[in-house]
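S.K.: After the structure tokens below, expect a handful of questions from me.
The values are calculated or read from the model by the stated rules, or taken from the named source; none is laboratory data. In this text, all values refer to a predicted model and were calculated from it rather than measured experimentally. Please note: Cβ atoms are built from the backbone with ideal geometry, for glycine as well, and neighbour counts cover all protein chains shown. The protein model used for the area step is the full one, side chains on, heavy atoms only, and it has no ligands, DNA or RNA in it. Shrake-Rupley method; radii C 1.70, N 1.55, O 1.52, S 1.80 Å.
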Amino acid sequence: MDTMRDRFAPVVSRLLDEDPRLAVVLAEIGLDGFQDAMRRHPDRVINVGIREQLLVGAAAGLALTGLRPVVHTFASFLVERPFEQVKLDLGHQDTGAVLVSAAASFDWPAGGFTHMAPGDVALLDTLDGWTVHVPGHPDEAETLLRHAVAAGDDKVYVRLSVQSNRQGRLVDGQRFVTVREGRSGVVVAVGPLLDTVLAATEGLDVTVLYATTVRPFDAAGLRRATETAGTDVVLVEPYLAGTSTTAVSEALSDVPHRVLGLGVGRRELRRYGTIDEHVAAHGLDAASLRERIGGFVEAGRVPVGGRGPVSVGG
């Protein structure tokens, strides 16, 4: 199966042919995939070299001229390193762009901590007006890329990963998808963690929601699920643990509830390792998730009215 990133350049290259407003801004990474597009559209495929602050600044300048820039590099170089430009050149100037990242939290362990960005979504969450897509399959990545490009002049972040579920699902760039229904809690699985969550919750009486768009957070979808499954909520996110716990608490602010946020821990792992080793070290493998989710749901079996709002970190 191809990867999400394998889809990125061909899809955006076709969109360049179709939409004269579209531009692509690169910082060396991903340049090979756009060689043909660069020959066809030399004025709209721009490589700024290894200058990530310029990458975002140039994109903002293109947006000010009326273009729709798609900006691509590794997540750590797209969100973290040029964060001031994301905050000011895009945010403060109220200009739109589509930021498309690769490498995710730890997709390239051999690159070391400089190439890991488990805090990217949490960092963008400090800014106003960002849509955040986290596809879990190449088919979903293609759908959400098209959504992002077509989203007027909005600010959109698309987080690509080599980690993937076995099959893609129909996603609309807005709502959570109900994958399994139960009565003893709700588990929200984000992006490429769905298959692992389904394995971890096999036989548990919980509703599983699948989230590929996490900002805006589908508060209405979560509330509907809790009407039959109860208000114990577990978030399983492929980035910093607890990133969306506040969104859950805001969605359920008028009812007693508990929230468990699972994801990538803050502790830095100083050995390169493999993706699977990082997954296990952060407790995101099926066995670890089953233990945490099962224990949380079991602990929540108390009489109605016997609990209050509680957030539990990963």
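S.K.: Kindly state, as a whole number, the per residue volume in cubic angstrom of the convex hull around the alpha carbon atoms of region 227-292. Provide the component values of the computation, followed by the final result.
M.R.: Numbers: hull volume 6.0 nm³, N = 66.
So the per-residue Cα hull volume is 92 Å³.
S.K.: At 4 °C and 1.567 mPa s, grab the translational diffusion coefficient of the chain from Stokes-Einstein with a Kirkwood Rh over Cα pairs, rounded to a whole number in µm² per second.
M.R.: 65
S.K.: Relative contact order, percent, of the chain when contacts are C-alpha pairs under 8 Å separated by at least 6 residues?
M.R.: 14
S.K.: On a 1.4 Å probe surface of the protein chains, which of PHE34, PHE83 comes out largest in accessible area, and what is the full order?
M.R.: On the way: PHE34 0, PHE83 45 Å².
Largest to smallest exposure gives the sequence PHE83, PHE34.
S.K.: Once you've got the GNM for the chain with C-alpha springs shorter than 10 Å, pick whichever of GLY265, GLY203, GLY283 has the biggest mean-square fluctuation.
M.R.: It is GLY203.
S.K.: Same structure, new question: Rounded to the nearest 0.05, what FRET efficiency do LEU31 and ARG267 have when you use their Cβ-Cβ distance and R0 = 41 Å?
M.R.: Between LEU31 and ARG267 the formula returns 0.75.
S.K.: Relative contact order of region 1-136: what whole-number percent is it, with Cα pairs under 8 angstrom and at least 6 residues apart?
M.R.: Once normalised by length, the contact order is 20 percent.
S.K.: Region 200-261 to region 71-137: how many Å between their Cα centroids?
M.R.: 23
S.K.: Just want to confirm a number: the relative contact order over region 126-186, from Cα pairs under 8 angstrom separated by 6+ residues, in percent. Mind dumping the intermediate values first?
M.R.: On the way: 59 pairs, mean separation 24.2, N = 61.
Relative contact order, region 126-186: 40 percent.
S.K.: Quick one: how many Å² of ILE293 are accessible to a 1.4 Å probe, rounded to 10?
M.R.: 0
S.K.: For region 93-188, would you read off the P(r) tail past 17 Å as a percentage of all alpha carbon pairs?
M.R.: On the way: 2672 of 4560 pairs.
Roughly 59 percent, rounded to a whole number.
S.K.: Shifting gears a bit: Put ARG68, ARG175, ARG266 in order of accessible area, largest first, 1.4 Å probe: what do you get?
M.R.: Putting ARG68, ARG175, ARG266 in descending order of accessible area: ARG266, ARG175, ARG68.
S.K.: Continuing with this model, one more query. Take region 161-266, compute every pairwise Cα distance, and split them into 5 Å bins from 0; I just need the percent in each bin.
M.R.: 3, 13, 26, 27, 21, 9, 2, 0
S.K.: Tell me, what is the 1.4 Å probe accessible area of HIS92, in Å² to the nearest 10?
M.R.: Here the residue's solvent-accessible area equals roughly 150 Å².
S.K.: Here is a follow-up. Ignoring ligands, DNA and RNA, how do GLU28, GLU140, GLU84, GLU227 rank by accessible area with a 1.4 Å probe, largest first?
M.R.: Sorted descending by solvent-accessible area, the residues read GLU227, GLU84, GLU28, GLU140.
S.K.: State the antiparallel share, in %, of DSSP beta bridges confined to the chain, rounding to the nearest 5.
M.R.: 10
S.K.: Let me ask another. Please work out how much length the chain gains when fully extended from ASP254 to TRP108, using 0.36 nm per residue of separation minus the C-alpha to C-alpha distance, in nm with one decimal.
M.R.: Gain on stretching ASP254 to TRP108: 48.4 nm.
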